[in-house]
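Participant: Quick one: the structure is below, and I'll ask about it shortly.
The values are calculated or read from the model by the stated rules, or taken from the named source; none is laboratory data. Just so it is clear, the structure is predicted and the values come from calculations on it, not from any experiment. As a convention, Cβ positions derive from the backbone with ideal geometry for all residues, glycine included, and neighbour counts pool all protein chains shown. Accessible surface is based on the protein model in full, side chains and every heavy atom, while ligands, DNA and RNA are left aside. Shrake-Rupley method; radii C 1.70, N 1.55, O 1.52, S 1.80 Å.
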Amino acid sequence: MTRLSRRACGVQPSATLALSARAKELAAQGLPIISLVAGEPDFDTPDHAKAAAVRAIGEGFTKYTDAAGMPELRKAVVDKLARENGVAYTPSEIVISCGAKHALFNLLLALVDEGDEVLLPSPYWVSYPDMIGLAGGTTVPVPCRRPDFHLDLAALEKAITPKTRVLLLNTPNNPTGAVYTAAELAAALSLCQRHGIFAVADEIYEKLVFPGLDGSSRTFVSLATIGGKAFRDTLAVVNGCSKAYAMTGWRIGYAAGPADLMKAVGDIQSQSTSNPASISQKAALTALTEPDGAWEKRMHAAFEERRRIFRDGLLRIPGIECAEPEGAFYVFPKVSAWFGKTVAGEKIRNSADWTRLCLEKAHVAFVPGGPFGDDNHVRFSYATSKANLDETLKRLQKLFA
Ligand code: PMP
Ligand code: GLU
């Protein structure tokens with residue numbers, strides 16, 4: 001047996017990616033599986049972005065670019081941040097990476113030393129704790145408020161120790177959908193300032209923020225916008241093309257932060273992956289510089305409608321509670337009322353049992369809450385057709401009738 005490094009032994013495979021693969025495998029065996037696992041838009045990449053990539057290949061744009069990304073693309077990100085978030089960065093403060101995941105990983109490598117603590121509001125996206133661990137840090141999960149999953153600032157402050165180095169925020173949130181308010185972000189930044197903590201915000205679901213189900217308005221606010229000039233040196237934001245332009249497979253994400261940090265991020269990248277694929281960068285450049293408003297509206301409207309239909313349907317299943325998901329494309333209902341009960345001959349003890357039961361008896365795949373830090377819940381991605389969502393609800397309503 002290979003003697004693996006301690007680092008490798010500490011890593012869990014991504015639960016979301018592993019379950020996606022399992023659902024595909026079962027479907028390939030002929031089972032009528034509906035998968036609400038994957039966190040990726042079911043829309044096609046906009047045609048003009050695809051065409052830009054084809055053109056790049058034809059023109060031989062198939063060589064290394066700057067390790068931190070093409071200057072034009074970094075400039076396009078600067079323009080995007082100015083236009084949409086009202087913040088002034090320069091290209092030297094931007095690094096283009098192989099997806100937002102890679103941007104986050106690089107940032108954590110550049111910020112976290114062995115033994116440093118990273119405050120992580122919980123529930124959290126499954127990949128953060130493993131990324132923090134790979135960087136040598138320790139994850140300190142801090143439960144969010146219930147039932148709306150917004151930040152509990154008093155709990156965050158209480159969790160701070162002399163080893164706390166980073167506060168890692170994700171808004172709109174995967175898996176809860178929580179979209180943090182301007183006041184909440186300002187309070188988080190002031191807490192970071194008082195304790196000398198660096199703030200990182202993963203804003204990959206920026207474009208997917210929905211009005212309140214009661215008709216109230218809701219908008220996305222970037223941590224960088226709230227931080228303005230005063231916090232320029234103590235925060236970084238991460239974003240990318242995966243969710244905004246349905247470009248998950250192209251692997252383009254980016255980070256913006258103070259120049260010295262981003263130089264370190266670029267250096268790390270230059271010694272690991274080098275630049276993200278040149279062809280993908282050309283597609284991202286077109287997506288960012290020639291926004292297709294009609295396409296964006298279509299995707300947003302579809303997700304908004306599915307959110308309402310799917311949550312309403314879940315609430316009709318006995319024992320399920322579900323706060324309003326404010327953004328992203330997930331619902332994170334509480335199913336723990338079923339724990340201790342027996343359904344279709346199977347005893348349910350936890351979210352993994354509940355999830356397995358639904359897969360085996362109803363052929364519906366989704367993710368248990370445990371890997372997100374809350375075992376009383378499960379996560380459904382509604383990035384799939386309305387027909388699939390309707391059929392899912394029918395099957396689950398029957399199973400738990
Ligand atoms: N952050 C969050 C919260 C996510 O859900 C995802 C899922 N893909 C990512 C980052 C990674 O995005 P990318 O595909 O750009 O690496
Ligand atoms: N972020 C998505 C999810 O949570 C995609 C898979 C992954 O990278 O984790 O499902």
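Participant: Is segment 288-296 home to any residue that is in a helix (DSSP H, G or I) and crowded, with 18+ Cβ neighbours inside 10 Å?
Facilitator: yes
Participant: Scan segment 34-66 for residues that are among the aliphatic types (A, V, I, L, M) and under 18 Å from Lys243 (Cβ atoms) and report the count.
Facilitator: Qualifying residue count for the region: 4.
Participant: Cβ-Cβ distance below 6 Å, separation of 6 or more or different chains: which pairs start in segment 34-56 with a residue that is within 26 Å of Thr392 (Cα to Cα) and end on one that is part of a loop (DSSP other than H, G, I, E, B) and of a type in the set (Phe, Trp, Tyr)?
Facilitator: That search, which allows pairs on different chains as well, returns Leu36/Phe366; Val37/Phe366.
Participant: Still on this model: Can you find, within segment 25-40, the residue that is most open to solvent (accessible area, probe 1.4 Å) among those that are at pLDDT 90 or above and within 16 Å of ligand 2 (Cβ to nearest atom)?
Facilitator: Among them, the one singled out is Glu40.
Participant: To continue, here is another question. Test each condition in (1) touching a Ser or Thr at 6+ places or on another chain (Cβ under 7 Å); (2) more than 15 Å from Ile252 (Cα to Cα); (3) within 16 Å of ligand 2 (Cβ to nearest atom) for Phe43 and report the one that comes out false.
Facilitator: Single failed check for Phe43: (1).
Participant: What residue, among those in segment 105-134 that are part of a strand (DSSP E or B) and touching a Pro at 6+ places or on another chain (Cβ under 6 Å), is farthest from ligand 1 (Cβ to nearest atom)?
Facilitator: Per the criteria, the residue is Ser122.
Participant: Right, next: So, Leu156, is that one free of Cβ contacts under 8 Å to residues at least 60 places away in the same chain, touching an Asp or Glu at 6+ places or on another chain (Cβ under 6 Å) and open to solvent by less than 40 Å² (accessible area, probe 1.4 Å) or not?
Facilitator: no
Participant: Do we have any residue at all in segment 333-343 that's closer than 26 Å to Glu203 by Cβ and surrounded by 24 or more Cβ atoms within 10 Å (Cβ to Cβ)?
Facilitator: no
Participant: Considering only residues that are charged (D, E, K, R) and away from ligand 2 (no atom under 16 Å from the Cβ), which ones fall in segment 71-105?
Facilitator: Listed by number, the residues that qualify are Glu72, Arg74, Lys75, Asp79, Lys80, Arg83, Glu84, Glu93.
Participant: Against the condition part of a helix (DSSP H, G or I), in contact (Cβ under 8 Å) with a residue 12 or more places away in the chain and open to solvent by 50 Å² or more (accessible area, probe 1.4 Å), how does Glu305 come out, does it pass?
Facilitator: So Glu305 fits the description; yes.
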